[in-house]
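First comes the structure, then the notes that go with it.
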Amino acid sequence: MCSHYQTLKDAELLLKKFGASKPAPLGKYDVWPRYQGIFVRRPPEHDAGDEAVPNLEALSGRWGLISGSTRPEALAGAEKLSTFNARDDRVANAFTFRSAWRRAQHCIIPADAIFEPDWRSGKAVATRFTRADGAPLGIAGLWDRYRDAAGHWQESYTMLTINADDDPLFRNYHQAGKEKRMVVILPEGAYGDWLTAPAEASREFLVPYPSDKLIATPMK
């Protein structure tokens with residue numbers, strides 16, 4: 001699972017790499033659970049026939065998805081949950097994620113890097129993962145919209161994760177004896193397809209990113 005990542009420093013990369021018009025302010029570079037971060041999605045109004053609606057948009061939202069079905073009296077509890085990652089084997093049935101999954105509310109989280117702990121020395125060593133070619137990562141996620149305590153609509157998102165027990169790179173991270181997980185990093189050629197894919201095709205995208213195209217750098 002990923003609980004720390006770095007977003008983009010350059011807002012123009014949202015236009016160049018992810019095709020989002022009018023990029024939102026990037027905010028904090030280091031993003032942790034419950035922080036506001038940037039994600040890219042196809043606007044919900046895209047099929048309404050309004051020419052003013054862009055093909056893609058970049059929004060600021062809470063990293064840690066809150067279901068739009070959350071009742072006002074349950075909101076405080078929902079805000080405390082660790083919903084910044086969504087497991088591929090539970091996402092379809094978990095209350096928090098199932099609506100976004102079934103509605104194919106796909107998004108991409110742009111990132112310069114993600115971080116995972118390396119426990120092979122007996123201590124957790126934060127390790128920074130980047131693309132070997134220096135390009136930003138496009139992480140597959142889900143988004144949802146919920147009402148806050150004041151009744152206002154808020155955006156939130158999560159990163160999708162898959163098993164990494166056999167992955168040549170990510171199997172070396174996290175604690176020994178525990179399942180290894182990795183976020184779904186999309187190849188650039190799949191960005192558009194992921195954002196427009198129907199729900200029944202979602203799992204086709206949940207595959208490991210080639211390990212030889214990533215660099216792991218220990219933060220010492």
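The values are calculated or read from the model by the stated rules, or taken from the named source; none is laboratory data. In this text the structure is predicted, and so the values were computed from the model without any measurement. Heads up, the Cβs are rebuilt from the backbone with ideal geometry, glycines too, and the neighbour counts pull from every protein chain shown. The accessibility values were calculated without ligands, DNA or RNA, using every heavy atom of the protein model including side chains. Shrake-Rupley method; radii C 1.70, N 1.55, O 1.52, S 1.80 Å.
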Self-check item: Label-point gap, in nm, between LYS28 and MET219 - each point 7 angstrom along Cα→Cβ
Solution: 1.2 nm
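Keeping all protein chains in place, calculate the accessible area per residue for the chain (probe 1.4 angstrom), answer in Å². Walk me through the numbers on the way to the answer.
Details: 10950 Å² over 220 residues.
For the chain, the per-residue accessible area is 50 Å².
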Quiz prompt | Cα centroid separation, segment 164-193 to segment 101-124 (Å) | solution = 8 Å
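Quick one: compute the contact order of segment 4-199, relative version, from alpha carbon pairs under 8 angstrom and 6+ residues apart, as a percent. Intermediate values should be presented prior to the final figure.
Details: 418 pairs, mean separation 41.8, N = 196.
21 percent.
Work out how much length LYS16 to HIS152 would gain on full extension: take 0.36 nm times their residue separation and subtract the Cα-Cα distance, in nm to one decimal.
On the way: separation 136, 0.36 × 136 = 48.96 nm, distance 3.17 nm.
Extra length from LYS16 to HIS152 when fully extended: 45.8 nm.
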Practice problem: Measure out, as a whole number of angstrom, how far apart the alpha-carbon centroids of segment 27-45 and segment 144-163 sit. | Solution: 10 Å
Quiz item: Which lysines, on any chain, are close to LYS178 with Cα under 28 Å apart, when same-chain ones fewer than 8 places away are left out?
Solution: LYS80, LYS123, LYS213, LYS220
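How large, in percent, is the carbon and sulfur part of the accessible surface of the chain at a probe radius of 1.4 Å?
Working: 5510 of 10950 Å².
Here carbon and sulfur together make up 50 percent of the probe-accessible area.
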Quiz prompt | Listed residues PHE170, MET219, ILE109: farthest to the positive end of the dipole of the chain (Cβ charges) | solution = MET219
Quiz item: Rounded, prolate or oblate: which fits the chain, taking a ≥ b ≥ c as square roots of the Cα gyration tensor eigenvalues, rounded meaning a/c under 1.5, else prolate when a/b beats b/c?
Solution: prolate
Quiz prompt | Point-charge dipole on Cβ atoms (K/R +1, D/E -1) for segment 4-199, about Cα centre, debye to 20 | solution = 580 debye
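Rounded, prolate or oblate: which one fits segment 1-130, using the alpha carbon gyration tensor with axes a ≥ b ≥ c (rounded when a/c is under 1.5, else prolate when a/b beats b/c, else oblate)? Write down the numbers at each step before the final one.
On the way: a/c = 2.03, a/b = 1.19, b/c = 1.71.
It comes out oblate by the Cα gyration axes.
Between ALA92 and ASP166, take the C-beta separation as r, use R0 = 22 Å, and let me know the FRET efficiency to the nearest 0.05. Please list the in-between numbers first.
Numbers: r = 23 Å, r/R0 = 1.03.
It comes to 0.45.
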